[in-house]
Structure formats: C-alpha cells, structure tokens
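Report on one structure; see the data block that follows.
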Amino acid sequence: MANEPKMTEFLWGASTSAFQVEGAYLENGKGLSIADVRSLRAGNGVDTKLGANHYHQWREDIQLMKELGLKSYRFSINWTRIFPNGTELEPNEHGLAFYHELIDELLKNGIEPLVTIYHFDQPMGLIKAYGGWVSRKSIDDFFKYGKCLLKEFGHKVQYWLTINEQSVLAFSPDMLGVDTTQEKTKIYQQAYQANYHMWLAQAKVIALCHKMYPKAKIGPAVSYLTTLPATKSAEDMMAAKDLEDFYSFSQMQVALRGEIPKTYMKELIKAGVILETSPDDQEILKTGIANFLGINWYCTTIIKSITGEDTAKFILQRVERIKNHKLKYTDWGWNFDPVGLHYALRQIEDRFPGIPVAITECGWSQKEQIENGKIRDTDRIEYLQAHIHQMLLAKKEGVNVISFNPWSFLDVLSVGDGFEKRYGLIYVEGIGKSHGKMRRIKKDSFQFYKEMIAKNGSD
Ligand code: BG6
C-alpha cells in the first residue's frame with residue numbers, strides 16, 4: 001500500500017496500548033518493560049501477564065472492529081517485543097511478525113492503523129543498563145527502535161504517534177524507573193532530564209520519518225490537561241494557565257515548533273532542575289517538527305492557587321485540584337465536562353492554526369458487571385455522545401480534527417487502577433485473570449458508537 005494519507009475521510013477509531021491489552025508478557029522472546037515491572041510490583045494480580053489476551057485473540061478483535069465500522073485503530077507497538085532488552089542490535093523477528101500480521105489484517109479490513117511507537121513500556125534492560133530516559137544514551141536506543149519500525153512498517157502505516165503522554169511520565173517518575181524515595185529535587189532533576197531526552201529522541205524519529213515517508217503524518221500523543229480556574233480571581237486564572245502551559249502546551253510547542261517555551265524553563269529553575277544540554281540540541285528539535293498532533297483528553301481539571309500572588313515556587317507546589325460538585329465524576333475523580341473538549345480544541349487552533357488533530361483518547365471509566373448477558377453502560381454512551389457533539393462543533397468552527405478514538409476499544413488494564421476500572425466498548429470477561437480465551441461481550445456503547453460511525457456523526 002502506498003504511503004498516501006487520505007485526509008478526506010474522518011477517522012472514527014478506537015484506542016488501546018500494547019501492555020494494557022496484549023498479555024503474553026514474556027512470549028516469543030518479549031522482554032520486560034517498566035510497565036510490566038510496575039504492574040507486577042503491585043503484587044495483587046493486577047498485572048500485565050494476561051491482559052485482555054489480545055496477543056492471542058487479535059483476529060477476533062479485528063473482526064469486532066470491522067463490525068463496529070472502525071475506520072482506524074490506534075494501538076501501540078510493545079517496545080520489548082521488538083527489542084526485548086532495548087540493547088540488542090537486531091530486532092526480535094517474532095515481534096516484527098506479530099505486528100506485520102496485525103497491520104496487514106487491519107488494512108485488509110479497511111482499518112487505518114494509527115501506531116504509537118512508545119506507550120509507557122521502555123525496556124527494563126535500558127533502565128538497568130543506564131537509567132533509561134534519564135540518560136542521554138536513551139536517545140540512540142529510541143532512535144534505533146523508531147528507525148526499525150519505520151523501515152518495517154512505514155510503507156503500510158500513514159499515521160505515527162511518537163511518544164504517549166510525556167508529561168504523565170514526568171509527573172509520575174516511577175513510570176520512568178526513577179527512584180521516587182529520593183528527595184524531591186533529585187526526582188525532579190531526573191524526571192525533567194528524561195523529559196528533555198524524550199523530546200530530542202522524538203525529534204530525531206520525526207525527522208527520519210519525514211525523510212523516508214514525506215507524506216506520512218507523525219506527532220506526539222499529548223496528555224491535554226485542560227485547566228479551569230476554581231474562582232474568577234486572577235491568581236487562580238494564572239495558576240490554571242501556568243499548569244496547562246507547563247504540562248500540555250510545552251509538549252505541543254516543542255513538537256510543533258521545535259522550541260522549548262521560556263516559561264517552561266523558568267518553572268524548571270523554580271524546581272531546582274538544571275538541564276544538561278548539548279550545543280546541537282536546538283538544531284535537533286528544529287529539524288524534527290511534527291505535522292500532526294494526537295491529544296488524549298478525558299476531563300477538565302479545576303485549579304486553585306495556593307500561593308496567591310507569590311509564584312516563586314514550582315508550579316506543582318502552587319496549585320490545588322478542586323472538585324466542582326455540580327459536575328458528575330467517575331469513581332476515580334475524573335469529571336464529565338464535554339464543553340471542555342470544545343474549548344481545548346479551539347485553544348489548539350488558536351496556537352497552531354490548521355494542525356491536523358486526532359483525539360487519540362477520550363473515555364469514561366466505571367466498574368461493570370454483566371446483567372442478563374448485557375452491559376448497560378449508559379453513562380459511557382452519554383459521555384461519548386456529548387464529547388463527539390462538542391468535537392463536531394469545534395470541527396465546524398474550523399478546527400482540523402481528523403480522528404476520534406474512544407479509550408478504549410475493549411477493556412484494558414488501567415495504568416493507575418487495575419482491571420476493575422473499565423473503559424471499553426467491549427467487555428472482556430475474566431480480564432487479567434482467565435488463562436486462555438477471554439470472552440468478548442459488546443456493551444451498549446458498542447452499538448451506540450457503531451450507529452454514530454454509520455451516520456458519520458450526523459445526528
Ligand atoms: C492515559 C493513558 O493517560 O490515560 C492510558 O495514555 C491510560 O494508557 C488512560 O489507560 C487512563 O488512565 P488510567 O490510569 O485510568 O488507566
């Protein structure tokens with residue numbers, strides 16, 4: 001298939017990530033990633049060993065995608081299936097074969113793959129060898145991995161997402177393998193040095209992709225924390241803006257402009273972080289500019305300033321998250337605030353006019369049980385309907401939204417909260433527990449989304 005993006009058709013998709021669905025955590029040469037180790041460390045059976053058994057049931061899953069009418073599927077390649085330790089010179093053939101088969105089957109069924117290169121699963125081998133992303137050496141290992149994927153799959157894949165949610169990694173440094181028992185300043189130093197290395201690594205892969213496949217679309221999947229001030233005071237507005245700029249817009253600006261915002265660097269100074277840089281870095285960032293943006297969007301975050309006018313402290317020490325009791329919340333504290341998505345998309349258009357945007361994640365989590373063979377997930381339907389409506393309003397106003405991907409296609413292992421917290425359009429019976437086949441049951445939201453796709457969102 002030629003590498004020729006068909007930008008006219010809206011990509012109604014759905015999303016997953018490798019370690020959250022595949023299971024088969026050590027099969028066919030796969031190595032251990034930090035995502036595996038974190039989940040195993042919890043020791044409560046909520047781990048990546050079995051996942052949703054997608055590694056063995058992927059053909060059935062693609063048939064369900066087809067039935068749903070998906071135009072695209074956003075998934076990630078498990079770094080440790082390709083380079084089990086990260087340090088190998090040659091990729092693991094079994095890993096490549098798995099993703100070749102998966103991609104071929106998607107294309108055969110008319111489903112466009114949106115491929116994330118790295119979704120939280122850096123090989124433990126790299127973390128043990130030199131501290132993973134904290135070391136500059138990681139740039140070369142990510143580049144080797146990215147180059148391998150582009151060479152193997154670039155003629156079949158038109159949409160690439162480089163790194164999923166760098167800000168989440170920097171905010172939760174244990175996901176990077178950083179020792180979080182150290183004093184705060186040391187943790188910040190390592191987390192933000194790692195974040196800096198990811199920017200450089202990402203830019204190098206983007207530049208290579210443009211060279212190899214000039215028509216491909218490539219960019220980051222940014223966690224877009226849309227912050228709203230808790231009150232109308234200027235202090236709260238400032239705090240909300242500072243957090244949003246630091247957490248989300250800095251990621252977009254580096255990927256789309258090749259520049260690190262001055263306000264970001266000032267925040268690092270407040271955190272006591274001194275970045276180790278190299279003279280060529282600016283050039284690297286400038287030559288690897290993304291031509292496409294993925295955003296992961298779930299809810300708004302309501303922010304109160306706790307230092308008032310005094311902004312001398314690091315942003316994370318200046319804000320408090322507040323609940324808006326007028327809004328509905330999930331059991332895990334994520335609100336239902338769909339106009340926030342509309343507002344978020346307009347903000348992107350203001351800053352980066354015309355940039356193609358894929359909503360790479362958007363979803364509602366809840367505990368669920370089968371009742372009379374059904375899963376009546378009406379709250380999820382309400383969530384999806386409202387968010388799609390707001391997205392379409394933004395699109396009508398000129399925001400270049402090209403794809404919408406509910407999180408998640410089927411139930412996954414939640415990053416923070418195990419298997420009880422379900423997001424899927426498809427219920428996975430025995431997720432994380434059953435050995436062997438896991439039954440898939442279409443939830444009511446599956447039917448809702450199927451009809452929505454069939455009508456191209458027109459109702
Ligand atoms: C995003 C991630 O941060 O949020 C997903 O990209 C994750 O991997 C999702 O699953 C929801 O978070 P959680 O903690 O509920 O799984």
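The values are calculated or read from the model by the stated rules, or taken from the named source; none is laboratory data. On a predicted model such as this, the values are computed, not experimentally measured, just so you know. Cβ: placed from backbone, ideal geometry, glycine included. Neighbour counts: every protein chain shown. Only protein heavy atoms, including side chains, enter the accessible area calculation; ligands, DNA and RNA are left aside. Shrake-Rupley method; radii C 1.70, N 1.55, O 1.52, S 1.80 Å.
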Check your understanding: Of all the residues that make up segment 368-417, how many are farther than 30 Å from PRO173 by Cα and in contact with a Cys (Cβ under 9 Å, 6 or more places away or on another chain)?
Key -> 5
Revision key, fill the gap. Among residues of segment 95-139 being among the hydrophobic types (A, V, I, L, M, F, W, C) and within 16 Å of the ligand (Cβ to nearest atom), the residue nearest to the chain's Cα centre (by Cα) is PHE120
Exercise for review: All but one of (1) without any contact (Cβ under 8 Å) to a residue 60 or more places away in the chain; (2) under 24 Å from ASP331 (Cα atoms); (3) touching a Pro at 6+ places or on another chain (Cβ under 9 Å) hold for GLU361, so report the exception by its number.
Suggested key: (1)
Check your understanding: In segment 321-339, which residues are open to solvent by 60 Å² or more (accessible area, probe 1.4 Å) and without any contact (Cβ under 8 Å) to a residue 60 or more places away in the chain?
Key -> ARG321, LYS323, HIS325, LYS326, LYS328, TRP334, VAL339
Practice item. Name the residue, out of GLY51, GLY43, that is within 30 Å of SER172 (Cβ to Cβ) and either free of Cβ contacts under 8 Å to residues at least 12 places away in the same chain or of a type in the set (S, T, N, Q) (or both). Key: GLY43
Exercise for review: Kindly check whether there is at least one residue in segment 1-18 that is modelled with pLDDT of 95 or more, open to solvent by 20 Å² or more (accessible area, probe 1.4 Å) and of a type in the set (A, V, I, L, M, F, W, C).
Suggested key: yes
Practice item. Could you tell me whether PRO113 is closer than 21 Å to HIS54 by Cα, of a type outside the set (Phe, Trp, Tyr) and free of Cβ contacts under 8 Å to residues at least 60 places away in the same chain? Key: yes
Check your understanding: Looking at this structure, is LYS455 touching a strand residue (DSSP E or B) at 6+ places or on another chain (Cβ under 7 Å), away from the ligand (no atom under 15 Å from the Cβ) and open to solvent by 70 Å² or more (accessible area, probe 1.4 Å)?
Key -> no
**Study point:** Condition check for ILE381: open to solvent by less than 10 Å² (accessible area, probe 1.4 Å), over 21 Å from LEU40 (Cα atoms), part of a helix (DSSP H, G or I) and of a type in the set (Val, Ile, Thr)
**Key:** no
Practice item. Pick out the one residue from GLY416, GLY398, GLY430, GLY436 that is without any contact (Cβ under 8 Å) to a residue 24 or more places away in the chain and either away from the ligand (no atom under 15 Å from the Cβ) or open to solvent by 10 Å² or more (accessible area, probe 1.4 Å) (or both). Key: GLY430
Exercise for review: Please enumerate the residues belonging to segment 150-190 that are in contact (Cβ under 8 Å) with a residue 40 or more places away in the chain, aliphatic (A, V, I, L, M) and within 16 Å of the ligand (Cβ to nearest atom).
Suggested key: LEU161, ILE163, VAL168, LEU169, MET175, LEU176
Exercise for review: Pull up segment 192-251, narrow it to residues that are under 23 Å from ASN335 (Cα atoms) and free of Cβ contacts under 8 Å to residues at least 24 places away in the same chain, then point me to the one that is most open to solvent (accessible area, probe 1.4 Å).
Suggested key: LYS232
Revision key, fill the gap. Scanning segment 341-369 for residues that are assigned to a helix (DSSP H, G or I) and within 16 Å of the ligand (Cβ to nearest atom), the one farthest from PRO261 (Cα to Cα) turns out to be LEU341
Practice item. Go over the candidates PHE171, PHE153 one by one and state the one that is among the hydrophobic types (A, V, I, L, M, F, W, C) and open to solvent by 10 Å² or more (accessible area, probe 1.4 Å). Key: PHE171
Study note, to complete from the structure: When (1) part of a helix (DSSP H, G or I); (2) under 27 Å from CYS299 (Cα atoms) are applied to ILE163, the one that fails is (1)
Exercise for review: Would you mind finding the one in GLU27, GLU22, GLU67, GLU93 that is open to solvent by 20 Å² or more (accessible area, probe 1.4 Å), of a type in the set (Asp, Glu) and under 30 Å from PHE404 (Cβ atoms)?
Suggested key: GLU67
